[in-house]
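Following: one structure in structure tokens, then a few remarks.
The values are calculated or read from the model by the stated rules, or taken from the named source; none is laboratory data. From a predicted model like this one, the values you see are computed outputs, not experimental measurements. Every residue, glycine among them, receives a Cβ derived from its backbone with ideal geometry; neighbour counts consider all protein chains shown.
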Amino acid sequence: MSSTTLDPSRRGAHAGDVPAGTMSGTSTGPGPSFLRVLNSEFIKFRTLLSTVILLGCTVLVVVGFGALSAWGTGQFSEAAATDPQAAAAFAAQGGDLAVGVPTSGIAFAQLILGSLGVLLMSSEFTTGMARSTFAAVPKRVPAYAAKLLVVMVTAFVLTAASVYLAGLVSLPILDNYNLKLDLASSQSVKMLLVNSLYVAAVAAIGMALGSLIRNSAGGIMSLVGLFFVAPIAFQLIPGDFFVEARKYLPGNTVEPMTAVQHVPDTLEAWQAALVLGAWVVVPVVLAAVLLKRRDV
């Protein structure tokens, strides 16, 4: 019997042969770039009905509380004109009360958008969507970073627009009480930017909690405990430790950053900014590390 030897130059000449250096079954395309992942996460974000509802509720709450605060401030100023005790209380508030009217609903906006951050990440695991997401993006971190970017940018832009709209709605109400509000003043712009950044930070913390806990109810309750329960508890528990520790809670970092002058017994503005940054960076990085190590 004679053996037949193929000419090496003829190997791979057939149309179905795989080029050298390429594994069979492996895609030769560029794969999901970060921009593609970002676009995918934005599509998921804007097509969820729950997202639209929560974003709409944020606008209504901020604008509604702005109008209500404008009316309350006006009533307070009228009472101060005839009541010495009210006048003393009005003076004790210090400076221009009208400048804080547009941001009076921030406490509720942070709860809504923080909960949205929790839901966007926890729902990936409760619905099983995480398997599809991380099958398409095996490195996981790009998908996590894209979702984080979408959440933070949306929270910042929506909060800024809502605060400005609340200011516009408050202007005629304050005018009825001869109170002036300049939305273009440096303090008003500072209040708008700092509060918008703060809400974006809360949304990032919420998303990190949703990734760590992987449960919507647990993540939202943790968020509520951190921003609403802990400050009250630290205020009620006696002891110098809790008095000092209360300054470093994330919810108590806004006032030092927006105050015209340093408020006694609070952090300096730069210290408050660093503390808030730490509250964002630590859970976000921890969630990213555990996301790569844990099963989905």
Open item on the list: Checking the condition of a type in the set (Gly, Ala, Ser), at pLDDT below 90 and under 30 Å from SER186 (Cα atoms), which residue from ALA136, ALA155, ALA107, ALA89 passes?
Closed with: ALA89
- [ ] Evaluate the following for VAL224: is it farther than 24 Å from LYS190 by Cα and either under 14 Å from the mean Cα position of the chain (by Cα) or touching a residue at least 12 places away in the same chain (Cβ under 8 Å) (or both)?
- [x] yes
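Looking at ALA166, is it at negative phi, part of a helix (DSSP H, G or I) and modelled with pLDDT of 95 or more?
Against the criterion (at negative phi, part of a helix (DSSP H, G or I) and modelled with pLDDT of 95 or more), ALA166 qualifies.
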Task: Residues that are in contact with a Leu (Cβ under 8 Å, 6 or more places away or on another chain), among the hydrophobic types (A, V, I, L, M, F, W, C) and surrounded by fewer than 20 Cβ atoms within 10 Å (Cβ to Cβ), drawn from segment 213-225 - done: VAL224
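Hey, among VAL285, VAL289, VAL280, VAL296, which residue is closer than 29 Å to ALA145 by Cα, surrounded by 13 or more Cβ atoms within 10 Å (Cβ to Cβ), modelled with pLDDT of 90 or more and not small (Gly, Ala, Ser)?
From the options VAL285, VAL289, VAL280, VAL296, the qualifying one is VAL280.
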Open item on the list: Step by step: first the residues of segment 249-266, then only those that are among the aliphatic types (A, V, I, L, M) and over 18 Å from ALA230 (Cα atoms), then the one that is surrounded by the most Cβ atoms within 10 Å (Cβ to Cβ). Which residue is that?
Closed with: MET257
- [ ] Just one of (1) under 24 Å from PHE45 (Cβ atoms); (2) in contact (Cβ under 8 Å) with a residue 40 or more places away in the chain trips up GLY128, so point out which.
- [x] (2)
Task: Some residue of segment 171-192 being touching a Phe, Trp or Tyr at 6+ places or on another chain (Cβ under 8 Å), at pLDDT 90 or above, outside any helix (DSSP H, G or I) and under 25 Å from MET121 (Cβ atoms) - done: no
TODO: Would you check if there is a residue in segment 44-67 being exposed (fewer than 10 other Cβ atoms within 10 Å of the Cβ), out of contact with any Gly (no Cβ under 9 Å at 6 or more places or on another chain) and either over 30 Å from LEU171 (Cβ atoms) or at pLDDT below 50 (or both)?
DONE: yes
TODO: Can you confirm whether segment 125-132 contains a residue that is within 23 Å of VAL224 (Cα to Cα) and in a helix (DSSP H, G or I)?
DONE: yes
